[in-house]
1. What size of dipole, in debye to the nearest 20, comes out for the stretch 84-196 about its Cα centre when the only charges are +1 on Lys and Arg C-beta atoms and -1 on Asp and Glu C-beta atoms?
2. Which one, Ser249, Thr191, Leu302, is farthest towards the positive end of the dipole of the stretch 161-316 when Lys and Arg carry +1 and Asp and Glu -1 on their Cβ?
3. Along the stretch 308-316, what does the Karplus equation 6.51 cos²θ - 1.76 cosθ + 1.60 (θ = phi - 60°) give for ³J(HN,Hα), rounded to whole Hz, x for Gly and Pro?
4. Under 13 Å from the Cβ of Val85, count the other residues' Cβ atoms, weight Lys and Arg +1, Asp and Glu -1, and hand me the total.
5. Starting from the alpha-carbon convex hull of the stretch 198-316, give the projected area averaged over all orientations, in nm².
6. Using the number of other C-beta atoms within 10 angstrom as an exposure proxy, rank Val217, Val156 with the fewest first.
7. Which of Ser185, Ser250, Ser272 has the fewest other C-beta atoms within 10 Å, and how do the rest follow up to the most?
Amino acid sequence: MKRTHSLTASFVISLSSLLACGAAPDGTEDPSSAELGSSEQELTLGSASVSTVSKTSTALIGKPPIVVIKQPPIIWVPLATGDLVLDGVMRYYGGGTATLGLQINVSNIGDSPATAASGMVSINGTVLTGALYQYYGGTATTPNTVNPGQRGYIKVEVPTAMMAPCTPYTVKIDLGHTMQYGDASVFNNDTSIVTTVCPLTWTTPIGAVHLGHQPDVTVAGKKLGDIVSSVVSGRPDGALCSSCHNAGSSYPYHPNVPANAAQTIDPFLNISGNESWACSSNTWASQFIYLPVAKYPHTEFLKEVVAKWRDDGALR
Ligand code: HEC
C-alpha cells in the first residue's frame, strides 16, 4: 500500500514557525521566523507567496513594479513507513494433506500500520501468495494489519514436501512491494534465513526457535527439566515448584522433596503414585496444561512450554 503525503503551504509555514519558536533562544531573532513571521511583504499564503519589494521600489518610480515570487520553504517531513522484517522463525500446521499452512513471523518496525490482504513471498526460490495477520494481542482493528512495533505473520500454503522441522530456509517477503510502504529502505530488509521450529526436549534451553516466538523472560533460556526439578523458577514471582508441591503438600502432585528444595525429576519416572510427566495415561504434563490459569497459579508461558514439549514427543 502506498501513501502520499501532501502538505499545504500554510501548514508548512505554520509548522516551520512553530519549529522556529521552539528552536530560538529568548531574545534572539531567528532569521527564518523573521522571514516568515514579520513579513508585511507577504501577500498570500498560497502555494507560492507574492511579495513586493518596498524598500527599493522608490528608486524605480515609473518602472514596472518588481514582483518576487517566494517559494514556500522546503521542510523535510519523514515518510510514513510500514516496514516488515522477518523474525527468523516460522512454523507450520497440518499434515496428511498436499499443503501445509506456514506462518512466517514478521515484525512491523515502521512507524505506521502495514496492511496486506495479499502479498508474495518466496521460500527457497518457490514463489507463493499469502496474507498478513497480527498475532493474538495485536491492536489493529483493520483485517490483515500489523500495527507499528507489533508482531504478526504472513500465512502461505506450502507443498508439504517442502517443509521439515528445525531446517533453515531462504525466505524473501513482499516480492510485489504490496505489503509495505515508505522509502526504498523498507524493501531492503526483506530477505533472511528463517528456521522452522525445532523440537523442545526436557533439557533444551527454551528459545524462539522452539516456540516460534521470543519466549517470555520467565522461561527464556531455561530448561523445562530444571524448572520442574525446582533448580530454577519459571515464574514471575521467582517461586520454585517445590514451594507449593513438596513432600508435605496435600496436592495430588507432591514430589518427595523438601519445600523450596531442588530435586531432579526425570520425565519418565512416576511421581506421587503411578503417574509420570511423559508416559502415564493421564500425565502430569496433561494435567498441568489442562488446569486453567485463572484458577491455578501456573503461567500461560509455562503451559505453552509444557504443551510444546509434549506435542514434540515428550523427549528426555
Ligand atoms: C503458588 C503455588 C504453586 C506453585 C509455585 C506451583 N503450583 Fe502447581 N498447583 C498449585 C495448585 C493450587 C494446584 C491445584 C491443586 C489441586 O488439584 O487442588 C496445582 C496443580 C498442579 C498440577 C496438577 C496436579 C495437582 O496436584 O493438582 C501439576 C502437575 C502441577 N501443579 C505442577 C507444578 C509445577 C511443575 C510447578 C513449577 C513449575 C508448579 N506446579 C508450581 C499450586 C502451585
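What follows is calculated from the coordinates using simple rules that are stated; it is not laboratory data. The shown structure was predicted, so the numbers you read here are calculated from the model rather than taken from an experiment. We place every Cβ from the backbone using ideal geometry, glycine too, and count neighbours over all the protein chains shown.
1. Numbers: 4 positive and 6 negative charges, 54 e Å.
So the dipole magnitude of the stretch 84-196 works out to roughly 260 debye.
2. Going by the Cα projections, it comes out as Ser249.
3. Ordered by residue, 3J(HN,Hα) equals 5, 4, 5, 5, 7, x, 6, 8, 6 Hz.
4. Details: positive: Arg151, Lys172; negative: Asp83, Asp87, Asp174, Asp190.
Its environment carries a net charge of -2.
5. Details: hull surface 26.5 nm².
If I average the Cα hull's projected area over directions, I get 6.6 nm².
6. Numbers: Val217 10, Val156 25.
By the 10 Å Cβ count, ascending, the order reads Val217, Val156.
7. Numbers: Ser185 10, Ser250 5, Ser272 16.
Fewest-to-most ranking of Ser185, Ser250, Ser272: Ser250, Ser185, Ser272.
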